[in-house]
Amino acid sequence: MIELQELQIEHYLGRAKDPVQDYLVHKLLYPKVYLDADWDGRKLDVLAVDRAGMGDVHAVKLVPWVQGQADDIPGWYISMEQSVQEPMRELSTFPSHFRYLTIVCSEPNRNLWIPGPATRNNSLAPDGVGRIGILYVDVTEENAEVKVLLKAERFRNSKELVEMADQFIASHTANWEYREEL
């Protein structure tokens, strides 16, 4: 039973990558998008580099909204607040210009979770320059779409980040990229 549930969660997470990719494709200008990227030795579910690989780096981690998490509203809300804290801490150290935590809902008719004060606080960079965005995808819908729960704000740039992006683009094939017709 546990293996089946884990397999279902993997399918839901896999299905959520497409709307997240679509969100970034429409938000950015000529992005290169990579699924399941190994970025700086850590796994990212979606990585996008804007402006045909020459612009800002966008890092996305998916977090499953596990079925059965507290059915009562106060318990459910507290459970969600707690379950996003570890991925939020992990994302806070990812070298990227924009960082997103994406909640993947696999239960129909769930109330939309709104980030509380603790999560909003933890989404901010220590120096205040940058904020982790929180996205929401309900994969039970026929046409799963991304809803923005907390808008991402740009983190500081560095020479090392630019060099990392250049090296990554040169050595990896994008899942999605804009290509001009010849």
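Remarks
- Residue that is nearest to the chain's Cα centre (by Cα), among those in region 1-24 that are among the acidic types (Asp, Glu) and modelled with pLDDT under 80: Glu6
- Qualifying residue in region 138-148 (condition: free of Cβ contacts under 8 Å to residues at least 60 places away in the same chain, farther than 19 Å from Leu35 by Cβ, surrounded by 20 or more Cβ atoms within 10 Å (Cβ to Cβ) and charged (D, E, K, R)): yes
- Strands (runs of 3 or more DSSP E) fully within region 82-167 counting 3 or more residues that are in contact with a Phe, Trp or Tyr (Cβ under 6 Å, 6 or more places away or on another chain): 98-105, 146-150
- Residue list for region 101-137, filter: of a type in the set (A, V, I, L, M) and either buried (at least 21 other Cβ atoms within 10 Å of the Cβ) or touching a residue at least 12 places away in the same chain (Cβ under 8 Å) (or both): Leu101, Ile103, Val104, Leu112, Ile114, Ala118, Ala125, Val129, Ile132, Ile134, Leu135, Val137
- Odd one out for Pro64, checked against (1) at pLDDT 90 or above; (2) surrounded by fewer than 22 Cβ atoms within 10 Å (Cβ to Cβ); (3) in a strand (DSSP E or B): (1)
- Residue selected from region 19-45 under the condition crowded, with 19+ Cβ neighbours inside 10 Å and among the aromatic types (Phe, Trp, Tyr), by the criterion nearest to Met164 (Cα to Cα): Tyr34
- Summed over region 168-182, residues that are touching a residue at least 24 places away in the same chain (Cβ under 8 Å) and outside any strand (DSSP E or B) total 6.
- Residue match in region 175-182 (condition: modelled with pLDDT under 95 and in contact with a Gly (Cβ under 9 Å, 6 or more places away or on another chain)): yes
- Residue check, Val49 at pLDDT below 90, closer than 24 Å to Ala144 by Cα and within 15 Å of the chain's Cα centre (by Cα): no
- Scanning region 1-47 for residues that are more than 18 Å from Arg179 (Cβ to Cβ), aliphatic (A, V, I, L, M), out of contact with any Ser or Thr (no Cβ under 8 Å at 6 or more places or on another chain) and not in a strand (DSSP E or B) yields Met1, Ile2, Leu4, Leu7, Leu13.
The values are calculated or read from the model by the stated rules, or taken from the named source; none is laboratory data. Being a predicted model, the structure only gives us computed values, none of them experimental. Note: ideal-geometry Cβ built from the backbone for every residue, glycine included; neighbour counts use all protein chains shown.
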